[in-house]
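Presented below is the structure to which this report refers.
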Amino acid sequence: MVVRYILPVLLTFTSFANAVELRHVTVRTGTEGLDPVPLTISNAGREALSCNADFAHWYSAAIATAAPGKSARVELWFDPKTGTYAILNDKRENLPVERLWCGLAGHAYATRVQIALDRTEAVKGERAVTCDVAQDRLVCR
């Protein structure tokens, strides 16, 4: 009879003890050790573009817009040691980019196309892509 009451109480406290683990996280700031890789996104289409970056599986932010016939420039930074691209926020903290994508403004997520970020592009020092609608899809090359 005692096991019937004590066991559920013990299991409840055990799950709370393992639920949260707090660790100090050091956020890298500035551009020391990083190479600039500016990205120019040109809009060759008839609708405005909205470009976004995913910084974590749960966080994304708009990073640029480009009206039809116009271009937008995104300041990317590359860490040659880790192969990581980053964008600096207003505090100059490095936000590692997991994914960078553009879509048609107003329904960017539904029309999104991923912009590939790889090490070979970083070596060139800058990158340019042009986005347009082809066969009812947004294409960025």
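Odds and ends about this structure:
- Ascending count of other beta-carbon atoms within 10 Å, so fewest first, for 107, 57: 57, 107
- Farthest toward positive dipole pole in the chain [+1 Lys/Arg, -1 Asp/Glu at C-beta], among 116, 104, 72: 104
- Here 101, 77 are placed in order of increasing Cβ neighbour count within 10 Å, fewest first, which gives 101, 77.
- Listed residues 113, 27, 74, most fluctuating in the chain (Gaussian network, C-alpha, under 10 Å): 27
- The Kirkwood hydrodynamic radius of the chain, based on inverse pair distances between different Cα atoms, is 17.6 Å.
- Think of it as helices only: each DSSP H run of n ≥ 4 in the chain is worth -39500 (n - 2.57), and spread over all residues that comes to -5500 deg cm²/dmol at 222 nm.
- The dipole here belongs to the chain: it is taken about the Cα centre, uses +1 on the Cβ of Lys and Arg and -1 on the Cβ of Asp and Glu, and is about 160 debye.
- Crossing angle, helix 2-19 versus the chain [Cα axis fit, 0-90 degrees, rounded to tens]: 30
- Per-residue Cβ neighbour rank within 10 angstrom, fewest leading, 121, 93: 93, 121
Bear in mind these aren't lab numbers, they're just calculated from the coordinates by the rules spelled out. Not measured: the values here are computed from a predicted model. Methodologically, a virtual Cβ is constructed for each residue, glycine included, from the backbone with ideal geometry; neighbour enumeration extends over all protein chains shown.
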